[in-house]
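Have a look at the structure below before the remarks.
Throughout, read-outs are computed from the coordinates displayed, never taken from laboratory work. Keep in mind the model is a prediction, meaning the values are calculated, not measured. Methodologically, a virtual Cβ is constructed for each residue, glycine included, from the backbone with ideal geometry; neighbour enumeration extends over all protein chains shown.
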Amino acid sequence: MFGGGGGGMNPRKMKQMMKQMGIDVDEVDAEEVVIRTADGEELVFDAPDVTRMDARGQQTYQIVGDAETREASTDESTGAIEESDDSASEIPDADVGIVAQRAGTSEDEAREALEAEGGDLAAAVERLE
């Protein structure tokens, strides 16, 4: 698609093309990234390369690096899980607006679908369609 040869497109040219399409790309100076999975594990990236892409107001993060897998520590895990359970009942208004717009429903219906799906935007939209 982008021509043949050794390994893809010039990064500078790629960045220029993305800017023309309205996609802003910024490097994030991250020291550590931790992803807590539902099964109680953590993926820990030390000194990763993190890139944030903003396309029409929706942000996407890309993490490049080697992850170390470890069990979530008991104290941190319990606190994090309790916080995420509490925050699941407090669905962000931005998420409600996105689901309502995509599914063509009221914000109340969108909030109910998000709560039923544990805050999963895609599942809530699918549920309403």
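Table for the structure above
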item: Extension gain (nm, one decimal) between GLU90 and ALA116, 0.36 nm per residue minus Cα-Cα; result: 8.1 nm
item: Backbone HN-Hα couplings from phi across the range 35-42 [Karplus 6.51/-1.76/1.60, Hz, Gly and Pro as x]; result: 10, 9, 8, 5, 8, x, 9, 10
item: Listed peptides 31-44, 98-111, 55-68 by packing density, highest first (mean Cβ within 10 Å); result: 98-111, 31-44, 55-68
item: Length gained when the stretch MET21-TYR61 is fully extended (0.36 nm per residue, less Cα-Cα span); result: 12.6 nm
